[in-house]
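To start, the structure itself, in structure tokens.
Just so it is clear, none of the values below were taken in a lab; they were calculated from the coordinates. Predicted model only: the values in this text are computed from it and were never measured. Positions of Cβ are backbone-derived with ideal geometry, glycine not excepted, and every protein chain shown enters the neighbour counts.
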């Protein structure tokens, strides 16, 4: 039985509360199974360090042909129960050579 590779449609990985290796596995799927040439890793707040760690482990351990592209840092204002908070965000672009 032969498995066909899917076409890359959604090239974004959102990092949250899960263990960082889940996001490394998601990156492996995006690049190897879906054959994406560009994947964007997005995180905000406490998950920023996990996003950085997952991309670093992915590039150093699994793929030598993937490099960093643009890295965008920013912040957004959110309102929770009438209080305004500023939340940091990051977008890490990974490119296949």
* Only one of the listed values, [x] 69, 21, 14; [y] 65, 35, 17; [z] 56, 26, 22, was derived from the coordinates as Cα extents along the principal axes in Å; which label is it? -> [z]
* Considering Cα pairs under 8 angstrom that are at least six residues apart, work out the relative contact order of the chain and quote it in whole percent. => 30 percent
* **Helix axis angle, 48-57 relative to the chain longest principal axis, alpha carbon, degrees** => 20 degrees
* Asked: Build a GNM of the chain with springs between Cα atoms under 10 Å: which of 75, 49, 37 gets the top mean-square fluctuation?
  -> 75
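Ranking 89, 61, 55 by Cβ neighbours within 10 Å, fewest first, what do you get?
Neighbour counts put them in this order, fewest first: 61, 89, 55.
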* Asked: When the helices in the chain are scored as -39500 (n - 2.57) per DSSP H run of 4 or longer and the sum is shared across all residues, what 222 nm value do you end up with, to the nearest 500 deg cm²/dmol?
  -> -5500 deg cm²/dmol
* Please work out the Cα center distance from the stretch 77-97 to the stretch 5-38, rounded to the nearest Å. => 19 Å
* To do: Output the antiparallel fraction of DSSP beta bridges having both residues in the chain, as a percent to the nearest 5.
  => 85 percent
